[in-house]
1. With touching a Ser or Thr at 6+ places or on another chain (Cβ under 8 Å), modelled with pLDDT of 95 or more and of a type in the set (D, E, K, R) as the only criterion, which of Arg91, Arg82 stands out?
2. Being of a type in the set (Val, Ile, Thr) and either more than 20 Å from Val39 (Cα to Cα) or touching a helix residue (DSSP H, G or I) at 6+ places or on another chain (Cβ under 6 Å) (or both) is the filter here, so list the residues in the range 90-121 that pass it.
3. Filter the range 54-83 down to residues that are among the charged types (D, E, K, R) and more than 9 Å from the ligand (Cβ to nearest atom) and give me whichever is surrounded by the fewest Cβ atoms within 10 Å (Cβ to Cβ).
4. Starting from residues that are touching a residue at least 60 places away in the same chain (Cβ under 8 Å) and surrounded by 11 or more Cβ atoms within 10 Å (Cβ to Cβ), keep the ones in the range 127-146 and report whichever is nearest to the ligand (Cβ to nearest atom).
5. Note down all Cβ pairs under 6 Å where the first residue falls in the range 93-120 and is closer than 21 Å to Leu31 by Cα, the second is among the charged types (D, E, K, R), and they're at least six residues apart or on different chains.
6. Failed condition for Pro16, given (1) more than 14 Å from the ligand (Cβ to nearest atom); (2) under 27 Å from Ile145 (Cβ atoms); (3) not in a helix (DSSP H, G or I), with all others met?
7. When you go through Ala126, Ala86 one by one, which is the residue that is touching a strand residue (DSSP E or B) at 6+ places or on another chain (Cβ under 6 Å) and over 18 Å from Ser13 (Cα atoms)?
8. For the subset of the range 85-115 comprising residues that are of a type in the set (Lys, Arg) and more than 17 Å from the chain's Cα centre (by Cα), which member is nearest to the ligand (Cβ to nearest atom)?
Amino acid sequence: MTETPRPVIVPGSFDPVTNGHVDIIERASRLFDRVVVAVLVNPGKSPLFSLEERLLFLAGAVGRHPGVEVDSFQGLLVDYARRRDAAAVVRGLRRSSDFDYEAPMAQMNRHLAPGIETVFLVPSPAVAHISSTLVRDIVRHGGSIDGLVPDGVTTFLARRRESTTRQHV
Ligand code: PNS
């Protein structure tokens with residue numbers, strides 16, 4: 001009898017998902033049979049995109065990739081990982097400053113849940129300059145995010161701008 005493989009979790013705020021995230025998720029799905037992309041619901045933060053929008057963008061970008069599932073979670077990542085019986089957490093590392101942010105989280109997660117590993121993947125140089133923070137800044141200033149995010153995000157924003165403009169005519 002074959003057992004269902006334990007998933008790995010790719011957690012994040014995904015506000016919004018970028019082509020950098022997609023690169024990491026695709027790399028993870030080539031390495032692992034089951035990948036759960038998990039959006040953090042953080043009541044202390046007011047995201048630019050609602051949880052529903054962030055889930056929709058992710059579903060459009062990676063939801064049809066084999067073995068990839070999109071979900072959300074609240075609270076500690078390790079508690080969610082335990083509930084999902086995950087073997088590991090996967091995070092992207094673009095540069096050394098990412099390591100400074102990621103290493104204490106990985107070590108704290110290991111302290112809390114020694115059985116759950118953190119695996120770091122390095123994205124393609126073509127997308128290594130992309131971050132959700134910079135994308136949000138461009139969106140707030142009305143710039144173009146073509147090529148930085150999956151098409152679903154740009155289409156959504158174009159429609160939203162269109163309907164806002166129509167309302168003001
Ligand atoms: O995309 P982000 O915002 O860099 O992702 C950060 C995330 C969601 C991975 C991290 O904030 C997280 O795991 N939050 C859940 C709460 C938690 O477990 N905190 C302790 C981490 S040591």
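The values are calculated or read from the model by the stated rules, or taken from the named source; none is laboratory data. Every value quoted in this text rests on a predicted model; they were computed, and no experiment measured them. When we count neighbours, we look across all protein chains shown, and the Cβ atoms used for this are built from the backbone with ideal geometry, even at glycine.
1. Result of the check over Arg91, Arg82: Arg91.
2. Result: Val90, Ile116, Thr118.
3. So, considering only residues that are among the charged types (D, E, K, R) and more than 9 Å from the ligand (Cβ to nearest atom), the one surrounded by the fewest Cβ atoms within 10 Å (Cβ to Cβ) is Arg64.
4. Among those residues, the one meeting the criterion is Ser132.
5. Once the first residue is closer than 21 Å to Leu31 by Cα and sits in the range 93-120, its partners that are among the charged types (D, E, K, R) give Glu102/Arg91; Phe120/Arg91.
6. Against the list (1) more than 14 Å from the ligand (Cβ to nearest atom); (2) under 27 Å from Ile145 (Cβ atoms); (3) not in a helix (DSSP H, G or I), Pro16 comes up short only on (1).
7. Ala86
8. Arg110
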